[in-house]
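None of the figures in this text is laboratory data; all of them are computed from the coordinates on show. Note that the structure is predicted; figures quoted are calculated from it, not measured. Here the Cβ positions follow ideal geometry from the backbone for every residue, glycine too, while neighbour counts run over all protein chains shown.
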Amino acid sequence: MGWHNAPITADGAPPVDTGAALTSWRDSNFQHIVYLTGDGHVHEIYGGLGAASWGHNDLTEKAHGAPPPADTGASISSSAGDYYQHIVYVTTYGEIGELYFPIGGSSDSWQFQSLPRESPPVTISGAAISSFTLSSYVES
C-alpha cells in the first residue's frame, strides 16, 4: 500500500491561503486539519476515518469571542488526549491562545483561554510553538 493524493475540501470551508499555518491530528473516529485564514479565523475540516467527505467548523465562531491569530503564518499546534482536543496559536495580542473541545461534545462546545493564565499575560512575537498531550492535559 502506498501514498495517495486527493484534494480535501468541505462545503463552506474557505480556501487555505498560500503560506498559511496548518496543523493536523487524528483521534479514534476522525481526521482533523486546522488552518488560519486571512479573515482572522481558525478553521477546522474533519472527516471520518476512511470517509470520502469532509465537514467544516469555523472554530473562532464556535468559541464565541476567541481572538484572531496574529496572521495566517502564525505558529499553530494541536494535540488530542483522552478527554480534550487542543489547538494552540499566537493571537493578535501576542498571547498564546488555546481552543479546546471535550471529546464527544457537541460542535458548539469549543472554548478559548489565554495561556498561561497569569496576570499580566505573557506575550510573545515571532516564536514557534508546539504542544503535546500528557494524560488528559495539554502542555504548550
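Could you list all residues from region 31-50 that are more than 20 Å from Y89 (Cβ to Cβ) and buried (at least 17 other Cβ atoms within 10 Å of the Cβ)?
Here is the first cut: in region 31-50, the ones more than 20 Å from Y89 (Cβ to Cβ) are 47-50.
Across region 31-50, the qualifying residue is only G47.
With the structure loaded, tell me whether N57 is surrounded by fewer than 20 Cβ atoms within 10 Å (Cβ to Cβ) and among the polar types (S, T, N, Q) or whether it fails that test.
Details: surrounded by fewer than 20 Cβ atoms within 10 Å (Cβ to Cβ): no; among the polar types (S, T, N, Q): yes.
In short, no.
In region 72-105, which residues are within 9 Å of the chain's Cα centre (by Cα) and aromatic (F, W, Y)?
Across region 72-105, the qualifying residues are Y89, Y100.
Can you tell me which of G40, G48, G2 is in contact (Cβ under 8 Å) with a residue 24 or more places away in the chain and either of a type outside the set (K, R) or under 19 Å from S109 (Cβ atoms) (or both)?
On inspection, the qualifying residue turns out to be G40.
Please go through region 1-57 and pick out each residue that is among the charged types (D, E, K, R), closer than 17 Å to G97 by Cβ and either over 10 Å from the mean Cα position of the chain (by Cα) or not in a strand (DSSP E or B) (or both).
Once the filter is applied, which keeps residues that are among the charged types (D, E, K, R), closer than 17 Å to G97 by Cβ and either over 10 Å from the mean Cα position of the chain (by Cα) or not in a strand (DSSP E or B) (or both), region 1-57 yields only D39.
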